[in-house]
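Please read the structure below before turning to the comments.
Where a number appears in this text, it was derived from the coordinates with a stated rule and is not lab data. In this text, all values refer to a predicted model and were calculated from it rather than measured experimentally. Cβ placement follows ideal geometry from the backbone for every residue including glycine, while neighbour counts extend to all protein chains displayed.
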Amino acid sequence: MSALSESISRRMTLGYLKGRYGLTLVPSFAEPVTITSLADDLPSVRPGCLYVPSQTPVEEGMVDDAEWRGAYAALLPLSARKTVKNARIPVLFGTMLPSQMGQLLSNAAGDPSGSLAVFGLVGEDETSAVDMLGDFLHVLGNPVGILSCKGSYSLDRQLDLHYPLSMFDVQRCLSISLEDGAAAVVIDVSDRTLQADAMQSVDMDVVALGAEEGRTRNVRHSKLIGRARHFGFTLGGQTNVARRTEESDSMARQSLPAGAEENVDELSLCIAMTMAAGVKRNNIRSALRVSREIS
């Protein structure tokens, strides 16, 4: 399911969308129509929905099917004006950039990432580090959500998702996690978990490269910039880029039991990311002691 509906917090009129994003509305008198959810595939369409098909080319029958399922309107590319001429629901025509679509979805969801501490582990084999960071944040006293191809959760509730996730899915999951009471969300920023541009309009608090950590600083920086462009998140501003340090390595080695040395790098990175988020060292050391006692 690729929809933003379960926890949408802000309703929007077609007139607002027309003016905000420079779209053409047919018929023009439909400006007062209010949409209450968004979906980019037909099975996810619900009454009150704005249908934004991801499938191309768009055919008139697709819009008719969306109308039958309860859609109040459709948002289609300009190229669809040639094929969709007699739709029974209002249609917005225009070219939406990924950044604009991300902004629309974030606004509809109430900007959930602005109220969450969002951690992103960037790499193609970081799912175990994602789980470790989620567990560590939980020990620090934070209710946590996780987005990962190995399993996504809002606190203890497993989310039924299909991977890789679209920007619709990501904003929906962030909104659900916030509504459930999560304070932080850890995201596996990889092609297995996320589609291109899935992180548009997601405010990232801390990001870190996982498998690339051992490379030189210039290579790490270049890799991170490339991944940021691919997935649509921004660096700079309020986003902190974390990396392992001698201090985090030392704290990790001291806290792990004998025989678990293979986990030093991942735990060190988790420690570095929590430090980058502003967690005090004493709190981190206390959490490490608790984690060791539990294990």
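How big is the charge dipole of the range 3-96 about its Cα centre, in debye rounded to the nearest 20, if each Lys and Arg gets +1 on its Cβ and each Asp and Glu gets -1 on its Cβ? Present the calculation step by step, with values, prior to reporting the outcome.
Values: 10 positive and 9 negative charges, 71 e Å.
Dipole about the Cα centre, nearest 20: 340 debye.
Can you put Ile146, Ile187 in order, fewest other beta carbons within 10 Å first?
On the way: Ile146 28, Ile187 31.
Placing the least packed residue first, the sequence is Ile146, Ile187.
Taking a cut-off of 13 Å between Cα atoms, list the aspartates and glutamates near Lys18, but don't count ones fewer than 8 places away on the same chain.
Glu31
If one computes P(r) from the Cα atoms of the range 129-260, what percent of pairs lie at distances over 25 Å? Please report the intermediate quantities before stating the final value.
Working: 2447 of 8646 pairs.
When all Cα pairs of the range 129-260 are counted, 28 percent exceed 25 Å.
Dipole magnitude of the chain about its Cα centre, charges +1 at Lys/Arg Cβ and -1 at Asp/Glu Cβ only, in debye to the nearest 20? Kindly include the intermediate steps, with their values, before the conclusion.
Values: 28 positive and 35 negative charges, 178 e Å.
Rounded to the nearest 20 debye, it is 860 debye.
Which distance in nm do the two modelled labels at Lys150 and Arg229 give, with both placed 7 Å along the Cα-to-Cβ direction?
3.0 nm
Given the -39500 (n - 2.57) contribution per DSSP H run of 4+ residues, what per-residue ellipticity at 222 nm results for the chain, rounded to the nearest 500 deg cm²/dmol? Spell out each step's value before the answer.
Details: 9 runs with 108 residues, N = 295.
Calculated from helices alone, the mean residue ellipticity at 222 nm is -11500 deg cm²/dmol.
Assuming a viscosity of 0.692 mPa s and a temperature of 37 °C, what translational diffusion coefficient in µm² per second does Stokes-Einstein assign to the range 3-96, Rh being the Kirkwood radius over Cα pairs? Before the final figure, lay out each step's value.
Numbers: Rh = 12.9 Å.
Translational D for this selection: 255 µm²/s.
Quick one: divide the alpha-carbon radius of gyration of the range 11-64 by 2.2 N^0.38 Å and tell me what you get.
On the way: Rg = 11.6 Å, N = 54, 2.2 N^0.38 = 10.0 Å.
So the Cα radius of gyration is 1.16 times the expected 2.2 N^0.38 Å.
How large is ³J(HN,Hα) for each residue in the range 141-153, as worked out from phi by the Karplus curve 6.51 cos²θ - 1.76 cosθ + 1.60 (θ = phi - 60°), to whole Hz, x for Gly and Pro?
So the Karplus estimates, Gly and Pro as x, are x, 10, x, 10, x, 10, 10, 7, 5, 7, x, 10, 9 Hz.
What share of Cα pairs, in percent, lie more than 19 angstrom apart in the range 58-210? Walk me through the intermediate numbers first.
Numbers: 6690 of 11628 pairs.
The answer is 58 percent, as a whole percent.
Rg and Dmax of the chain, using alpha carbons, in Å: what are they?
According to the Cα coordinates of the chain, Rg and Dmax are 21.3, 71 Å.
Gain in length, Ser54 to Arg157, computed as 0.36 nm per residue apart minus the alpha-carbon separation, to one decimal in nm?
On the way: separation 103, 0.36 × 103 = 37.08 nm, distance 2.79 nm.
Separation in residues times 0.36 nm, less the Cα-Cα distance, equals 34.3 nm.
Suppose R0 equals 51 Å; then what is the FRET efficiency for Thr24 and Thr245 from their Cβ-Cβ distance, rounded to the nearest 0.05? Walk me through the numbers on the way to the answer.
On the way: r = 53 Å, r/R0 = 1.04.
Taking R0 as 51 Å, the efficiency between Thr24 and Thr245 is 0.45.
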